[in-house]
Amino acid sequence: MNFYSCHPPGVTKGFIKGEALRVLRSNSSQFTSEENTSNFKTRRQNRHYPARIVEKHLSEIKFSDRKMSLAQKNNAAQKKILPFVTQYHPALPNLKDTLMGKWHLIDNQPQLREIFKEPPIISYCEGKSLLLHPS
């Protein structure tokens, strides 16, 4: 995936962390893990990813503590959060900022406050492709 492709900003972080965790999972020794992580960084630079962004997202993964990095997180106390799903386009304004800026209007209404206890999360769906897929 090219850094300048038309994807929501969170996709870049998720992609970098997901691929780094895959490298960590698939390499049992520390040396091969470090070597493959270095190769991963080089491949990201070849696809025009800024080095500081790659380093920032990779720093969130603890390569030295493999068990901790690969442990599943327990989300026992998950809240029921409503997703707000829309099609992504880079020319749109930041929907999260707009929604949170006007959230007080929903929060001030007693009936709406009961329905929407938490602000929704913004989710983007893939847009229609102009390319025709062969059947």
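Remarks
- Residues that are of a type in the set (A, V, I, L, M) and not in a loop (DSSP other than H, G, I, E, B), drawn from the range 42-62: ALA51, ILE53, VAL54, LEU58
- Residues in the range 38-82 that are under 29 Å from GLU118 (Cβ atoms) and modelled with pLDDT of 85 or more: none.
- The range 87-119 - residue that is under 15 Å from GLY10 (Cβ atoms) and surrounded by 12 or more Cβ atoms within 10 Å (Cβ to Cβ) and, of those, modelled with the lowest pLDDT: TYR88
The values are calculated or read from the model by the stated rules, or taken from the named source; none is laboratory data. These figures come from a predicted structure and were not determined experimentally. Note that each Cβ is placed from the backbone with ideal geometry, even for glycine, and that neighbours are counted across all protein chains shown.
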